[in-house]
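Worksheet for the structure shown next.
The values are calculated or read from the model by the stated rules, or taken from the named source; none is laboratory data. The shown structure was predicted, so the numbers you read here are calculated from the model rather than taken from an experiment. When we count neighbours, we look across all protein chains shown, and the Cβ atoms used for this are built from the backbone with ideal geometry, even at glycine. Please note that ligands, DNA and RNA were not included when accessible areas were found on the heavy atoms of the full protein model with its side chains. Shrake-Rupley method; radii C 1.70, N 1.55, O 1.52, S 1.80 Å.
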Amino acid sequence: MSTLQLLWFVLIGILFSGFFFLEGFDFGVGMSVQTLAHDEEEKEQIIQTIGPVWDGNEVWLLTAGGAMFASFPYWYASLFSGFYLILFIILVGLIIRGVSFEFRHRMPDGKKRRMWNWTLSIGSFIVPFFFGILFISMVQGMPLDKDGNMMASFTDYINVFSVVGGVALTLLCYLHGLNYITLKTEGPVRERARNYASFFYWVLYVGLVVFAALLYFKTDFFDNHFLVTLLLVLGIVVLTVVANVGVFKKKEMLAFIASGLTLVLLVVLLFSGLFPRVMIGSEGYYDILIKDASSSPYTLKTMTWLSLTILPFVLAYTAWSYYIFRKRIKHPAIAALGYEG
């Protein structure tokens, strides 16, 4: 395995980490529209917290997919063909979620506006849930032939571990969104989001125990990378506790950063368990290795120079966008009374 092959494997992991840190709270906010808000004004307040940034956050996913296509075409071909239906469902979720922002804005109050509120929440649920299904199915191992073709049945995709993974990722995104709402809003929504988060963190603790047990019995992570896997699992638990404490003590930035880093560590856990593979054969045969799945050294070198040139501008623009839209969003009725939180 060359240095550039390892570098691009790590970079793809970083891109997925950035996607779940930034887009994770977007999904949580989207789900909160129908679970947290009590009226149309509160729904509008919640949506405004991500209005300027949600589409920019999705670029991380597009970049991760593009980087995988260019740097590891064999991985891309096997993954995207083998998980075609799951990725199609994810795409549908992204589409109905994306168009709901525009259509709900153009609809008067009534049934049509409520319909687009529902599509926003449903789409925000579909994407993290099925990403959890995809990632967990992939690390459990899938039936691959010597050419990297996947010949999977329904239970290879949908099983106890993959469903637990989907629920866990969805709950992590929901909590990340609740923490973002407390950071970005004023009024009753802010307090309600904090109360919801306080409750759901206890649900998450149970989920993490189940997830860790299934990870031990259903994957080879502990066999191949025992110390790293153990430290990452413990890190996820510690960050979850830190986020919970942040919610309890009303340290909103601490809770938000900790919940985001929990998602980052989850991606790191999955990628470290894959290493040095990019796809795992279910019977231990026909694993696809990093060194066999990558593009030519010239392609990787060219991509590296382009990335190093463009990346600083992308990061600077992202930071500037969040700085510009840093103010809290007020409930319209309360803002009229001069409420400051």
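Numbers at a glance
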item	result
In the range 263-277, the residues that are over 16 Å from LEU22 (Cα atoms) and either among the hydroxyl-bearing types (Ser, Thr, Tyr) or open to solvent by less than 30 Å² (accessible area, probe 1.4 Å) (or both)	LEU269, LEU270, PHE271, SER272, GLY273, LEU274, ARG277
Filtered residues of the range 153-178 (kept if among the hydroxyl-bearing types (Ser, Thr, Tyr) and not in a helix (DSSP H, G or I))	SER153
Options PHE222, PHE200, PHE226, PHE211: the member that is of a type in the set (Phe, Trp, Tyr) and out of contact with any helix residue (DSSP H, G or I) (no Cβ under 7 Å at 6 or more places or on another chain)	PHE226
Residues satisfying the stated conditions in the range 218-251, i.e. farther than 17 Å from ILE136 by Cβ, within 22 Å of the chain's Cα centre (by Cα) and touching a residue at least 40 places away in the same chain (Cβ under 8 Å)	VAL228, ALA243, ASN244, GLY246, VAL247
Cross-chain or 6+ apart pairs with Cβ under 7 Å, the range 179-202 first and under 11 Å from GLU42 (Cα atoms), then surrounded by 19 or more Cβ atoms within 10 Å (Cβ to Cβ) and among the charged types (D, E, K, R)	GLU186/LYS330; GLY187/LYS330; VAL189/GLU42
Condition check for ILE329: of a type outside the set (Lys, Arg) and in contact with an Asp or Glu (Cβ under 6 Å, 6 or more places away or on another chain)	no
Unique residue being of a type in the set (A, V, I, L, M, F, W, C), within 17 Å of ILE47 (Cβ to Cβ) and assigned to a helix (DSSP H, G or I) when the list is PHE135, PHE103	PHE103
Any hit, the range 297-313, residues being open to solvent by 30 Å² or more (accessible area, probe 1.4 Å), in contact with an Asp or Glu (Cβ under 8 Å, 6 or more places away or on another chain) and in contact (Cβ under 8 Å) with a residue 24 or more places away in the chain	no
Counted residues, the range 62-71 - those being open to solvent by less than 50 Å² (accessible area, probe 1.4 Å) and either β-branched (Val, Ile, Thr) or within 30 Å of ASN117 (Cβ to Cβ) (or both)	2
Out of MET151, MET68, sole residue that is in contact with a helix residue (DSSP H, G or I) (Cβ under 9 Å, 6 or more places away or on another chain) and without any contact (Cβ under 8 Å) to a residue 24 or more places away in the chain	MET151
Pair list, Cβ under 6 Å, 6 or more apart: the range 204-217 residue without any contact (Cβ under 8 Å) to a residue 60 or more places away in the chain, other residue small (Gly, Ala, Ser)	GLY207/ALA168; PHE211/ALA168
Lone qualifier among SER295, SER307, SER259 - being in a loop (DSSP other than H, G, I, E, B) and polar (S, T, N, Q)	SER295
Scan of the range 276-301 for residues that are of a type in the set (Phe, Trp, Tyr) and under 21 Å from TYR157 (Cα atoms), ordered by number	TYR285, TYR286
Residue under evaluation PRO108, criteria (1) over 30 Å from LEU308 (Cα atoms); (2) outside any helix (DSSP H, G or I); (3) under 16 Å from the mean Cα position of the chain (by Cα), criterion not met	(3)
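Results for (1) in a loop (DSSP other than H, G, I, E, B); (2) open to solvent by less than 10 Å² (accessible area, probe 1.4 Å); (3) free of Cβ contacts under 8 Å to residues at least 60 places away in the same chain, shown as yes or no for each residue.
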| residue | (1), (2), (3) |
| --- | --- |
| GLY30 | no, yes, no |
| ALA37 | yes, no, no |
| GLU44 | no, no, no |
| ASN57 | no, yes, yes |
| TRP60 | no, no, yes |
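For (1) at pLDDT below 95; (2) surrounded by 14 or more Cβ atoms within 10 Å (Cβ to Cβ), each residue gets a yes or a no:
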{"residue": "THR219", "(1), (2)": "yes, yes"}
{"residue": "ASP223", "(1), (2)": "yes, no"}
{"residue": "VAL242", "(1), (2)": "no, yes"}
{"residue": "VAL245", "(1), (2)": "no, yes"}
{"residue": "ILE257", "(1), (2)": "no, yes"}
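Residue-wise test of (1) modelled with pLDDT under 95; (2) surrounded by 17 or more Cβ atoms within 10 Å (Cβ to Cβ); (3) farther than 30 Å from SER295 by Cα.
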{"position": "PRO73", "(1), (2), (3)": "yes, no, no"}
{"position": "SER78", "(1), (2), (3)": "yes, yes, no"}
{"position": "GLY82", "(1), (2), (3)": "yes, yes, no"}
{"position": "PHE88", "(1), (2), (3)": "no, no, no"}
{"position": "GLY98", "(1), (2), (3)": "yes, no, yes"}
{"position": "HIS105", "(1), (2), (3)": "yes, no, yes"}
{"position": "ASP109", "(1), (2), (3)": "yes, no, yes"}
{"position": "LYS112", "(1), (2), (3)": "yes, no, yes"}
